[in-house]
Structure formats: C-alpha cells, structure tokens
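The values are calculated or read from the model by the stated rules, or taken from the named source; none is laboratory data. Please read these numbers as outputs of a predicted model, since none were measured by experiment. We place every Cβ from the backbone using ideal geometry, glycine too, and count neighbours over all the protein chains shown.
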Amino acid sequence: MRDQVSVLIPEDQVARRVAELGEEIGRSYVGREVTVLGLMKGSLVFMADLIRKLPLDLTVHLVRVTSQREQAAGRVLTEIVFSTSVPLEGRDVLLVADIVDTGITLSYLLAHIHEHAPASLRVCALVDKPEARKIDLHPDWTAFPVHEPLADRFLVGYGLDWMERFRGLPFIGTIPRPQPR
Ligand code: IMP
Ligand code: MG
C-alpha cells in the first residue's frame, strides 16, 4: 500500500519546519510552563518531535475525540472518548492538532477546554486546510498550510492515517481522496 503514496513534504523539510516552529512557540512562552495537550492519534508523531524542539518547561497530556457525522441529516456528534487526567485550570495550554479541516473537531474540543478555565489556550496544527472550514477558526501556529487543489487529496504519514494505516511514514504524503462509502 505504501507504494500508492506520493511524497508531499519530505522528511527533512518536515524536520526543519518543526524545529522552526518550536523556536517560534518557545519565544511566546518565555519563562512559563506549558501544558501540551496532544490530540490523538494523528498528532502523535508531530507532538513527539515538537516537544523536543520547545525550549520550555512543559508537561504532556493526550486527548482523543471521535466524531460521527451524519451529513445528510446535518447532524454532527462529537465526543471526547479518552483523556488522561489533565489539570487545565490556570495553565497555559497548547493544544497540538494534526489537521484542521472543517474545524468541527477542534471547536468542540476548545469549548470543552475553555470550561476548565485555562490561563491561556492556543493551538498548533501540523496541517491547516483553510478552504475546507465550516467553523471560523484559526490555529495560532500551523506547520503546513495546504491549499486547493492539494487540499482535495487525502494526507497520510507522519502520524496521519487513512483507516489507521500509514501513520509510520516519516514524511507527509498524499493518496487520492478515498470515496465515501
Ligand atoms: P475536522 O473536524 O473536519 O476539522 O477534522 C479534522 C480531523 O479529520 C483531523 O483531526 C484528522 O484526523 C481528520 N482528517 C481530515 N483531513 C484529513 C486528511 O487529509 N488526512 C488524514 N486525516 C484527515
Ligand atoms: Mg484519522
């Protein structure tokens, strides 16, 4: 299956951008301890690399969200299905996301985190597909913005999956957009 993947962003380019982002994020939290909250599972690889480039004191936590979409009925159900116990109140929270597409997943999660009264809440995304947005929402940092017509391809690798596959690829690649079944 791996031979169906075309390289979009090669490994060395990902590494350079993640290092750059680490420095940039580090500059805006000088002297503060950051609560890094990774959105599972897609941000796993990105987060692992990013935290090693953050020149900050930090703690690491994970959260997982599922979404069931009934597009025809216009109904979207999002649910937090797993999270390690995370102290959020009064903390500087940095949510690390894989892809911001429609923005539905992230907006739900942000609302939930806000209820726990963090001192600050910011978002760092590996990939942003701004043209696909259904909810107005902008990550504070984005490693790679992806625009049309590329946004039409499905991204895999570097933690991103299609049907749980391809997460281990060291680069960000694309496969033709899978047809809805
Ligand atoms: P949203 O709620 O539409 O913003 O969905 C974002 C989630 O959908 C991400 O956290 C990804 O897990 C998944 N996703 C969206 N586009 C892609 C893609 O191109 N490749 C892999 N996963 C994707
Ligand atoms: Mg996925």
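Of the residues L109, L121, the single one that is touching a residue at least 12 places away in the same chain (Cβ under 8 Å), outside any strand (DSSP E or B) and crowded, with 18+ Cβ neighbours inside 10 Å is L109.
Considering only segment 131-154, how many residues are touching a strand residue (DSSP E or B) at 6+ places or on another chain (Cβ under 6 Å) and either closer than 13 Å to I9 by Cα or not basic (K, R) (or both)?
9
I'd like the residue in segment 32-55 that is touching a strand residue (DSSP E or B) at 6+ places or on another chain (Cβ under 9 Å) and part of a loop (DSSP other than H, G, I, E, B) and, out of all such residues, is nearest to A125 (Cα to Cα). That would be S43. Does P139 satisfy the criteria of being assigned to a loop (DSSP other than H, G, I, E, B), within 12 Å of ligand 1 (Cβ to nearest atom) and modelled with pLDDT under 90? Spelling it out, it is not the case that P139 is assigned to a loop (DSSP other than H, G, I, E, B), within 12 Å of ligand 1 (Cβ to nearest atom) and modelled with pLDDT under 90. Quick one: in segment 142-158, of everything that is within 9 Å of ligand 1 (Cβ to nearest atom) and in a loop (DSSP other than H, G, I, E, B), which residue is nearest to V7 (Cα to Cα)? Filtering segment 142-158 for residues that are within 9 Å of ligand 1 (Cβ to nearest atom) and in a loop (DSSP other than H, G, I, E, B), the one nearest to V7 (Cα to Cα) comes out as R153.
Could you say whether any residue in segment 119-130 is farther than 20 Å from M47 by Cβ and either at pLDDT below 95 or in contact with a Leu (Cβ under 6 Å, 6 or more places away or on another chain) (or both)? Scanning segment 119-130, I find at least one residue that is farther than 20 Å from M47 by Cβ and either at pLDDT below 95 or in contact with a Leu (Cβ under 6 Å, 6 or more places away or on another chain) (or both), so the answer is yes. Scanning segment 32-58 for residues that are in contact with a helix residue (DSSP H, G or I) (Cβ under 7 Å, 6 or more places away or on another chain) and away from ligand 1 (no atom under 13 Å from the Cβ) returns V36, D49, L50, K53, L54, P55, L56, L58.
If the condition is being more than 14 Å from ligand 2 (Cβ to nearest atom) and not aliphatic (A, V, I, L, M), then segment 84-108 contributes T84, S85, P87, E89, G90, R91, D92, G103, S107, Y108.
Residues being touching a residue at least 12 places away in the same chain (Cβ under 8 Å) and over 17 Å from the mean Cα position of the chain (by Cα): count how many of those fall in segment 135-152. The qualifying residues number 3. The residue list V36, V63, V76 contains one member that is at pLDDT 95 or above and of a type outside the set (G, A, S), which is V36.
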